[in-house]
Amino acid sequence: AQGMPEKQLGVLKALDVAKTQLYHFTAILIAGMGFFTDAYDLFCVSLVTKLLGRIYYFNPLSDKPGSLPPHVAGAVNGAALCGTLAGQLFFGWLGDKLGRKTVYGITLIMMTLCSIGSGLSFGNKATGVMTTLCFFGFWLGFGIGGDYPLSATIMSEYANKKTRGAFIAAVFAMQGVGILAGGFVALIVSSIFDMKFPAPTYEVDRVLSTPPQADCVWRIIVMFGALPAVLTYYWRMKMPETARYTALVAKNIKQATQDMSKVLQIQLEVEERAADIMKDPRLSYGLFSKEFAKRHGLPLLGCTTTWFLLDIAFYSQNLFQKDIFSGIGWIPKAATMNAIHEVFRIARAQSLIALCSTVPGYWFTVAFIEIMGRVAIQLMGFFMMTVFMFAIAFPYDHWTKPENRLGFVVMYSLTFFFANFGPNATTFIIPAEIFPARLRSTCHGISAATGKAGAIVGAFGFLYAAQPQDKTKTDAGYPPGIGIKNSLITLGVINFVGMLFTFLVPEPKGKSLEELSGENEIGT
């Protein structure tokens, strides 16, 4: 590839070698807000479900506070995940058809409206509130889903080739910021309400333990997620379309050159003969062509399978969280708290876990990705997750004893530290780098949607699998499963298989996007 430089368009080369400057960081903020909202909303659901159970499924005869029946809890979580999966496929495809910027504006408006809609769920009866919550949850997920392929693609197309991985990783790391924001908003709102409307615990007075004002608590927390999205809308619309889309897909090299001259604040020459290169038929094969299969088939298989396997493991973590927190005594028994204080305690426990394990993992990826490369981080992450899952699973009975609980939390935190300093970040980054511009957003959407299918398996499959084998001990409404220990062993194996599939994925570190996708081989 020695004769490369003249084959790559000047405007794209200028982006590749540009010094890291302000517009890169603006792009992180703009692109990262979708992830912020995504994480914020997913995080809030877990806080809010407990409170919704107390408000809408209260049974005065029960000595335990009300809780969402399994099918309702499943519907609320499932609606959002299914919406996200559909949005990733649809907007991923649309982003290659209409352009990144246009579609990006659409997803943002959807996310804003549906966040507000979720908080305004109608009625004061359980069915009304839950139905509307599922409805808005699905469409909120749909908008969030579109944000995955678009924010990754926009960041990768704007970045220079030296720091591209770190910048896409930083967009993804906004998830960590969103998780913390969700925790802090919940802590603040619940503390204020707890002070203003003190209530007895459930044991003392079943009715008064959930004051009527508790209904505002979850609505405020949910609707707050719309704020960051609204704030970035103006900047999203001011940002020009990416040069790679304008030049390589819309084939308007002049426009791309003008846009990037403004962004980079340098004068770029418009290339005349470039237009002929762009008409080469070898640059127009479609997603379902033999040519695509030959060039990108295995990498796409690698991206989809690794993301699928990772998300099974990643989303099943939420199942163990509640057992872990109540196990180590971070969250007391539900009956010993009032409704609003319970929100405070759960938010505090989840924010602590996020601060100690989840968030540092993301930033480790940002720091090391240009040193170690994507593939090395992904292999290491899958390997460590396998090790820690097995280390928790085989001596599982040892970890459940009260004196070993702290060790258990450490092991558990390390598993998710290596998910984020590992495949959770890299499966998002690589698909935005290795496919041709006109299919980039589509292929990222396909990879992400396969991942979400894994999330659905993880969140629901393991909900049933983790139930004890003894049917007298299962949660209300569930059939017996294979137990937590066997579930963890299965997850360990899944992580190991993910490590093997990583070998199908090429290493994009330090290469230009056109070199990776084969778009610069034309005319040679």
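The values are calculated or read from the model by the stated rules, or taken from the named source; none is laboratory data. Predicted model, so just to flag it, every value in this text is computed and none were measured. Methodologically, a virtual Cβ is constructed for each residue, glycine included, from the backbone with ideal geometry; neighbour enumeration extends over all protein chains shown. Note: areas computed on protein heavy atoms with side chains; ligands, DNA, RNA excluded. Shrake-Rupley method; radii C 1.70, N 1.55, O 1.52, S 1.80 Å.
Gap in Å between the Cα centre of region 143-202 and the Cα centre of region 57-74?
Answer, in whole Å: 30.
Considering all projection directions equally, how large on average is the shadow of the alpha-carbon convex hull of region 55-110, in square nanometres?
About 5.2 nm², averaged over all directions.
Tell me whether region 409-519 comes out rounded, prolate or oblate; compute the Cα gyration tensor, take square roots of the eigenvalues as a ≥ b ≥ c, and use a/c under 1.5 as the rounded threshold. Display every interim value, and only then the final one.
Numbers: a/c = 3.52, a/b = 2.33, b/c = 1.51.
Cα axes put region 409-519 in the prolate bin.
Using a 1.4 angstrom probe with every protein chain in place, what is the largest-first accessible-area order of I192, I430? Mind dumping the intermediate values first?
Values: I192 90, I430 5 Å².
These residues rank, largest area first, as I192, I430.
What does a probe at M223 reach in region 10-42, counting residues whose amide N is under 17 Å from the point 7 Å along Cα→Cβ?
Only 41 pass the distance filter.
Report, to two decimal places, the Cα Rg of region 1-125 normalised by 2.2 N^0.38 Å (N = number of residues). Don't skip to the answer; put the middle values down first.
On the way: Rg = 22.3 Å, N = 125, 2.2 N^0.38 = 13.8 Å.
Its radius of gyration relative to the 2.2 N^0.38 Å reference: 1.62.
So how long is each side of the chain along the principal axes, counting just the alpha-carbon atoms, biggest first, in Å?
81, 46, 36
With runs of 4+ DSSP H residues as the only contributors, calculate the mean residue ellipticity of the chain at 222 nm using -39,500 (n - 2.57) per run, divided by the residue total and rounded to the nearest 500. Don't jump to the answer; show the numbers that get you there.
Working: 21 runs with 361 residues, N = 524.
Dividing the helical sum by the residues of the chain leaves -23000 deg cm²/dmol.
Got a number for the accessible area of V343? Probe 1.4 Å, square angstrom, nearest 10.
Here the accessible area works out near 10 Å².
Let me cross-check K251: its accessible surface, 1.4 Å probe, with only protein heavy atoms counted, in Å² to the nearest 10?
We get 100 Å² for K251.
Work out how much length K196 to W235 would gain on full extension: take 0.36 nm times their residue separation and subtract the Cα-Cα distance, in nm to one decimal.
On the way: separation 39, 0.36 × 39 = 14.04 nm, distance 3.82 nm.
Extra length available between K196 and W235 comes to 10.2 nm.
For region 312-408, what D do you get in µm² per second when you plug the Kirkwood radius from alpha-carbon pairs into Stokes-Einstein at 20 °C and 1.002 mPa s?
Working: Rh = 15.7 Å.
For these conditions, the coefficient is 137 µm²/s.
Taking 0.36 nm per intervening residue step and subtracting the Cα-Cα distance, what contour gain separates F184 from Q469 on full extension?
Values: separation 285, 0.36 × 285 = 102.60 nm, distance 3.79 nm.
Full extension from F184 to Q469 adds 98.8 nm.
In degrees between 0 and 90, to the nearest 10, how far off the longest principal axis of the chain does helix 214-223 point, with axes built from Cα atoms?
That works out to roughly 10 degrees.
Using 0.36 nm times the number of residues separating T102 and V270, minus their current alpha carbon distance, what extension gain do you get? Present the calculation step by step, with values, prior to reporting the outcome.
Numbers: separation 168, 0.36 × 168 = 60.48 nm, distance 2.45 nm.
Gain in length upon complete extension: 58.0 nm.
Trypsin sites (Lys or Arg not before Pro), restricted to region 9-64: which are DSSP loop and have at most 14 other Cβ atoms within 10 Å?
Values: sites: K13, K19, K50, R54; in loops: K19.
Sites meeting the loop and neighbour criteria: K19.
Where in region 403-425 is the amide nitrogen less than 15 Å from a point lying 7 Å along the Cα-to-Cβ axis of A367?
417-418, 420-422
Filter the cross-link list K50/K473; K125/K471; K19/K262; K161/K251; K97/K290 down to pairs whose alpha-carbon distance in this structure exceeds 26 Å. Display every interim value, and only then the final one.
Numbers: K50/K473 21 Å; K125/K471 32 Å; K19/K262 15 Å; K161/K251 22 Å; K97/K290 21 Å.
Going by Cα-Cα distance, K125/K471 fall outside the 26 Å limit.
Less than 20 Å from a label point 7 Å out along the Cα-to-Cβ axis of V497: which backbone N atoms in region 439-466 qualify, by residue?
447-466
Restricting things to alpha carbons, find the Rg to Rh ratio for region 147-242 using the Kirkwood radius for Rh.
Working: Rg = 20.2 Å, Rh = 16.7 Å.
For region 147-242, the value is 1.21.
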